[in-house]
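Everything on this sheet refers to the single structure shown next.
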Amino acid sequence: MIAIVDYDAGNLTSVARAMAHLGYACDITKDEDRIRNAERVIFPGVGAAGSAMESLRRLGLDRAIQETFASGKPLLGICLGTQIIMGFSEEDGGVDCLGIVAGRTRLFSNRMTDAAGAHLKIPHMGWNRVRLNRSHPVLAGIGDGDEFYFVHSYYPDPDDESQVIGRTEHGIAFASVIGTANLIATQFHPEKSGRPGLTLLKNFCEWTPC
Amino acid sequence: MLSKRIIPCLDVREGKTTKGIKFENNVDIGDPVEMAKFYYEAGADELVFYDITASHEKRGIMIEVVRRVAETIFIPFSVGGGIRTKEDMREVLLAGAEKISVNSAAVKNPEIISEGAKAFGSQCVVLGMDVKAVDKSEKIPSGYEIVINGGRTYMGMDALAWAKRGQELGAGEICLNSIDADGTREGYELTLTELISENVDIPVIASGGAGKPEHLADVLTQGKADAALIASMTHYGHYTVAEIKSFLDSSGIKVRMRW
């Protein structure tokens, strides 16, 4: 069974629907034991880091996710989930997060411009490319021109460059895919990214981290 | 770099899609779930459903449409029309929409924007604005006034001031519809679109007047829009989304070319 961590951070049904479309049943759950017993864990989320960490701690799910990572089971972070696997987030005045990946989640500057000098809007909302630093089994079949759907004002910034699988340009080249051991985490929403997003989800479901 | 988004808009009445010209003489042209699937596969970047069901009792039909669309397509879509309360928003979001759009309900009760943003996040809340050009006055300094009821009722609100207020209240995006251009197929209202887009920090979707690919190129460059809404130009088969995107791509506008 694949568990989707439910910690009151936005609508998790879209991830479950995309998984159902691919033929994988998911268990949307707040129960730490069900998460510990799952074969794979998806950690999505929409909202703010502060209230998300509060909910995770209240439900005891912070430990369940840290243990999932330590156990070697495939773990997929999506959007806010990806931001709070970092050590710290600048959101909500600064929040200590799960610390699975060393580094910070930072706020985009609102003074960024593109190459033509036009003001770049925040949130970074819409379709954008991912430039891969290296290949990864979960990104198999995804090409350079493929685009993914993003909605976010903060971005993860890992300390260790070797954990950055792909980067995306929005004023700066931020880490849009992070991977280490059995963790893969995307800043974009694969469940809303059409064919390449569904490919990524399917790859995750078949992935055996070595 | 972000791609400019091409967003087909489907008007839905009692579970069937329609396309009105200047909001009158709507005719049924199909099943919204089928059309959503068609556009998803055709390369649309996002979809907008606008519920024009008049009777409140039949609103449940739309929720069922949203649920079926959400099971069928895996790109973002928003739903507008008839959303008046936070509970209305919750219902549509839980059924699977990515965003909800508020228009006349926000004009009458601006707090709905902040309530929605607080409960579900700004990224879920689109402020829909119907706008008509009027003479500049003390009350309407931009020369663009907010209207409701399909353009029949003038609200005495300046469109630029309302856009800024909407952003402050927590709207994550603006869908800017020119009633003057809507249904004409003669091009978007570029002056209005540029004015709003230049003066807010949130993305602006231009709406009303698309008739050919050049119109989208104009509004995405000169008009500085982040996205363009289309309806009849693709609904009736005059153009495909791919043809529009190829034109934009060859005009040097970044659009999503692989899907």
### Task
Search segment A:20-54 for residues being within 16 Å of the chain's Cα centre (by Cα) and surrounded by fewer than 22 Cβ atoms within 10 Å (Cβ to Cβ), and hand back the single one that is farthest from the other protein chains (Cβ to nearest Cβ).
A:ARG40
### Message
Whether any residue in segment A:157-170 is more than 14 Å from chain B (Cβ to nearest Cβ), among the β-branched types (Val, Ile, Thr) and surrounded by 16 or more Cβ atoms within 10 Å (Cβ to Cβ) is what I want to check.
### Response
yes
### Task
Within segment A:103-126, work out how many residues are free of Cβ contacts under 8 Å to residues at least 40 places away in the same chain, of a type in the set (A, V, I, L, M, F, W, C) and assigned to a strand (DSSP E or B).
1
### Task
Report, by residue number, each residue of segment B:185-201 that is part of a loop (DSSP other than H, G, I, E, B) and either closer than 14 Å to B:LEU229 by Cβ or touching a residue at least 40 places away in the same chain (Cβ under 8 Å) (or both).
B:ARG185, B:GLY187, B:TYR188, B:GLU189
### Task
Could you tell me whether any residue of segment A:65-73 is closer than 27 Å to B:ILE75 by Cα and either out of contact with any Asp or Glu (no Cβ under 6 Å at 6 or more places or on another chain) or assigned to a strand (DSSP E or B) (or both)?
no
### Query
From the list B:ARG165, B:ARG152, B:ARG67, which residue is out of contact with any helix residue (DSSP H, G or I) (no Cβ under 8 Å at 6 or more places or on another chain), at pLDDT 95 or above, farther than 21 Å from B:ILE196 by Cβ and not hydroxyl-bearing (Ser, Thr, Tyr)?
B:ARG67
### Selection from segment B:178-196 of residues that are surrounded by fewer than 24 Cβ atoms within 10 Å (Cβ to Cβ) and either within 16 Å of B:LYS224 (Cβ to Cβ) or not charged (D, E, K, R) (or both)
B:ILE179, B:GLY183, B:THR184, B:GLY187, B:LEU190, B:THR191, B:GLU194, B:LEU195
### Task
Restricting attention to segment A:1-19, report how many residues are more than 10 Å from every other protein chain (Cβ to nearest Cβ) and in a loop (DSSP other than H, G, I, E, B).
5
### Filter pass, A:PRO137 being within 14 Å of chain B (Cβ to nearest Cβ) and within 22 Å of A:GLU191 (Cα to Cα)
no
### Message
A:ASP146 - would you say it is more than 14 Å from A:GLN187 (Cβ to Cβ), touching a helix residue (DSSP H, G or I) at 6+ places or on another chain (Cβ under 6 Å) and within 12 Å of chain B (Cβ to nearest Cβ)?
### Response
yes
### Residue tally, condition more than 23 Å from B:VAL12 (Cα to Cα) and within 14 Å of another protein chain (Cβ to nearest Cβ), over segment B:205-241
7
### Message
Quick check on my filter: what residues within segment B:233-259 are of a type in the set (Gly, Ala, Ser) and modelled with pLDDT under 95?
### Response
B:GLY237
### Message
When you scan segment A:58-76, do you find a residue that is farther than 27 Å from B:LYS4 by Cβ, touching a residue at least 60 places away in the same chain (Cβ under 8 Å), surrounded by 15 or more Cβ atoms within 10 Å (Cβ to Cβ) and not hydrophobic (A, V, I, L, M, F, W, C), even just one?
### Response
yes
## Note on the structure
Within segment A:8-23, the count of residues that are polar (S, T, N, Q) and touching a residue at least 60 places away in the same chain (Cβ under 8 Å) comes to 1
#### Entry: Test: A:LEU198 is in contact with a helix residue (DSSP H, G or I) (Cβ under 7 Å, 6 or more places away or on another chain), at the interface with another protein chain (Cβ under 9 Å from one of its Cβ atoms) and farther than 17 Å from B:PRO203 by Cβ
yes
### Task
Tally the residues that are assigned to a strand (DSSP E or B) and either in contact with a Gly (Cβ under 6 Å, 6 or more places away or on another chain) or touching a residue at least 60 places away in the same chain (Cβ under 8 Å) (or both), restricting the search to segment A:82-102.
6
### Summary
Only unsatisfied item for A:VAL177, checking (1) out of contact with any Gly (no Cβ under 7 Å at 6 or more places or on another chain); (2) hydrophobic (A, V, I, L, M, F, W, C); (3) modelled with pLDDT of 95 or more, is (1)
### Query
Within segment B:203-256, which residues are in a loop (DSSP other than H, G, I, E, B), in contact (Cβ under 8 Å) with a residue 40 or more places away in the chain and either within 24 Å of A:GLU169 (Cα to Cα) or touching a Pro at 6+ places or on another chain (Cβ under 8 Å) (or both)?
B:ALA225, B:ASP226, B:ALA231, B:ILE253, B:LYS254, B:VAL255, B:ARG256
### Message
Testing A:SER176 on (1) surrounded by 19 or more Cβ atoms within 10 Å (Cβ to Cβ); (2) more than 27 Å from A:GLY23 (Cα to Cα), one condition comes back false. Which one is that?
### Response
(2)
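The values are calculated or read from the model by the stated rules, or taken from the named source; none is laboratory data. As the structure is a prediction and not an experimental result, all values here were calculated from the model. Every residue, glycine as well, gets a Cβ built from its backbone with ideal geometry; the counts of neighbours run over all protein chains shown.
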